[in-house]
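Please read the structure below before turning to the comments.
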Amino acid sequence: MSNTKEAFLRLLRHPLKFRAFLLMRLPAAYFSGVRLKEVDEEQAVATVPYKWFSQNPFRSTYFACLAMAAELSTGVLAMLHTHNRTPAISMLVVKLEAVYNKKATGISIFRCKDGAALKATIEKAIASGEAQSFTAMSEGTNEAGEKIADFYITWSFKAKK
């Protein structure tokens, strides 16, 4: 692992620095309580609580807050593999699909295990010079381990010229 990747991982794993990043770059996620719990090159885990700011009128977590946590679990892996790359890589969400299985009424935990596949897609974008896309899956569970939702987030990657 490169020194810059290790430094970026340290930033992601440092709670105060990462919260500052959320506040500056993703304020809606910050105020909703979205937090990054685990990250390495292979997987990432993000959570979002059920609280006043993240609730809907039906006494469950608002779907957009669930989507923020799911996107974070996939996006942080993409960011890890694109950080300080030469050439620079642009990344963009181009599609989002979700399947809801159960009402989210507590802490929702989203886990993405697609780090290796995201890295391979990014490498292919660099090698080909063409945009490449990958659909990452983030599985959402509640604290009891019951599946609440699956999110499928399609990322597009392209080497900048």
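Where a number appears in this text, it was derived from the coordinates with a stated rule and is not lab data. Note that the structure is a prediction, hence the values are computed from the model and not measured. Counting neighbours? That spans all protein chains shown, and the Cβs are built from the backbone with ideal geometry, glycine included.
Quick notes on this one:
- Selected residue (only one of Ala127, Ala131, Ala104 is over 14 Å from the mean Cα position of the chain (by Cα), small (Gly, Ala, Ser) and surrounded by 14 or more Cβ atoms within 10 Å (Cβ to Cβ)): Ala104
- Selection of helices (runs of 4 or more DSSP H) fully inside segment 1-90 by the criterion of at least 1 residues being touching a helix residue (DSSP H, G or I) at 6+ places or on another chain (Cβ under 9 Å), among the basic types (Lys, Arg) and under 30 Å from Ala120 (Cα atoms) returns 3-13, 15-25.
- In the condition set (1) within 22 Å of Gly145 (Cβ to Cβ); (2) touching a helix residue (DSSP H, G or I) at 6+ places or on another chain (Cβ under 8 Å), Lys102 is compliant with all but (2).
- Among (1) aliphatic (A, V, I, L, M); (2) surrounded by 15 or more Cβ atoms within 10 Å (Cβ to Cβ); (3) within 21 Å of Lys37 (Cβ to Cβ) - the single one Ala116 does not satisfy: (2)
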